[in-house]
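The values are calculated or read from the model by the stated rules, or taken from the named source; none is laboratory data. The structure presented is a predicted model; accordingly, all values stated were derived computationally and were not measured. When we count neighbours, we look across all protein chains shown, and the Cβ atoms used for this are built from the backbone with ideal geometry, even at glycine. Only protein heavy atoms, including side chains, enter the accessible area calculation; ligands, DNA and RNA are left aside. Shrake-Rupley method; radii C 1.70, N 1.55, O 1.52, S 1.80 Å.
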Amino acid sequence: MHVRKFTADTLDEALRQIKKELGPDAIILKTNTNKGTFPPFNKKKIEITAAISEKSLGKKMKVDVILDDSQKDTLYKNPSKVISNIINDYSESPSGKINGSYEKIGLNKQVNKNIQKKSLDEFISEESSIKPEGSPENFIGNERLAELEDKIKFLTERLDDKNPSSIIKLRDYLRSLDIEESYLQEIIKKAIKDIPAQEIKNFETLNEFAIQEMLKDIKTELAAFSRTNGEGVITLLISEFASGQSMMIEKLAALKSDSMIIKNGKIKEGKTLASDFFDFTVENVDGISNIISQCRKGVGENKSVFIDYKVNPEDLNDTKRVVEALRRIFPNLEVIINLSAIHSEAYNKKILQKYQKFADGMTIAHLDLCVNFGAIFNLTLNFPNLPIKFFGTGEVIPEDIEAASPERLLAGIFRIE
């Protein structure tokens with residue numbers, strides 16, 4: 001795996017650099033927003049860590065080496081899917097030159113968009129191209145028969161070699177990461193079905209396939225206050241014991257200017273040190289009526305409101321009443337369950353199971369202390385209706401918080417720096 005860091009003034013600029021340097025199949029591992037301490041050095045910079053397999057990078061470099069700068073600029077302005085098709089379908093022309101036009105989406109040949117993988121049943125059911133007059137409907141001509149025999153031979157070879165050592169190695173590797181058994185078996189079945197026979201014995205190919213499949217199954221989403229200007233949005237964080245919720249809510253509030261934190265009566269800290277340095281106020285109230293009153297005040301002042309609500313573990317109906325009361329009055333309410341990465345998978349599953357009916361997503365605190373990222377991945381599999389919104393990655397406010405991304409979680413699972 002080839003890993004690089006890219007720094008730019010904007011996210012779009014950084015992504016363009018990644019596409020040009022690593023290619024369209026690069027995986028984003030981590031994003032940071034860095035800001036200097038004093039003017040004029042406090043301009044924000046976007047830092048992205050990206051990775052690409054050596055195999056994919058090698059394919060890209062074979063294309064790059066025969067292009068001049070202007071051709072590269074033209075190529076990498078295309079959508080990622082187009083670039084990927086060009087790289088994968090490229091072959092050197094007899095003259096060793098590149099066509100001057102990209103109108104047909106190929107360097108030396110046009111991409112055949114009609115090529116499809118067919119199952120054996122589809123293959124047999126297709127009408128033969130050589131069918132003598134008067135032959136029965138199920139007639140298969142000699143050419144078709146030869147192709148059919150090749151197809152049977154291919155499938156037979158795959159069945160005979162169904163579990164090469166690379167498959168067993170991948171299975172054991174995913175088990176060591178604590179990925180759920182049922183899920184890793186599905187990945188193995190799909191790999192056997194989708195990866196060509198000549199490539200399936202390569203563990204790196206299998207590992208890359210597993211990463212791509214896992215990327216698809218990690219559900220993340222921007223929080224509601226991040227998708228809009230935040231005005232009038234109320235974010236309710238709920239948790240039970242020692243989940244890092246108070247620090248998480250201060251990090252969230254620090255992301256929005258002139259925001260408000262409401263703490264329910266079970267929390268007695270009063271004004272926090274962070275509120276002296278960041279643009280949010282803290283209100284300590286007791287009872288749902290006072291929470292609603294402060295929410296109305298914050299919404300009326302066009303503030304983003306964050307409620308730090310520690311639930312009563314013995315009274316689920318209490319949480320239900322609070323959520324229902326807030327939803328009736330405030331349509332822009334988002335309920336997020338806050339979990340800690342240092343808690344066990346079983347405990348976090350119990351919390352999600354208990355409160356999922358009320359919630360719109362989850363946040364994961366203490367990611368920097370996590371020793372089992374596979375357990376977090378399993379949560380996303382079991383609760384796909386609760387996308388991860390943010391990761392807490394330390395104790396510094398507001399720097400140690402990241403918008404959740406599948407790539408960040410996979411970087412932890414596969415220990416990619």
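Structure above, values below:
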| read-out | value |
| --- | --- |
| Odd one out for LEU22 among (1) at pLDDT 85 or above; (2) surrounded by fewer than 17 Cβ atoms within 10 Å (Cβ to Cβ) | (2) |
| Condition met for GLU283 (under 16 Å from ILE234 (Cα atoms), outside any helix (DSSP H, G or I), open to solvent by 40 Å² or more (accessible area, probe 1.4 Å) and modelled with pLDDT of 90 or more) | yes |
| Single residue of THR37, THR10, THR31, THR49 found to be modelled with pLDDT under 85, open to solvent by 80 Å² or more (accessible area, probe 1.4 Å) and among the hydroxyl-bearing types (Ser, Thr, Tyr) | THR37 |
| In region 172-202, the residues that are in a helix (DSSP H, G or I), touching a helix residue (DSSP H, G or I) at 6+ places or on another chain (Cβ under 7 Å), under 23 Å from ASN372 (Cβ atoms) and open to solvent by less than 70 Å² (accessible area, probe 1.4 Å) | LEU174, TYR183, LEU184, ILE187, ILE188 |
| Looking only at region 1-19, and only at residues there that are of a type in the set (S, T, N, Q) and in contact with a strand residue (DSSP E or B) (Cβ under 6 Å, 6 or more places away or on another chain), the one that is nearest to PHE209 (Cα to Cα) | GLN17 |
| Every residue from region 251-280 that is modelled with pLDDT of 85 or more, part of a helix (DSSP H, G or I) and open to solvent by 20 Å² or more (accessible area, probe 1.4 Å) | ALA254 |
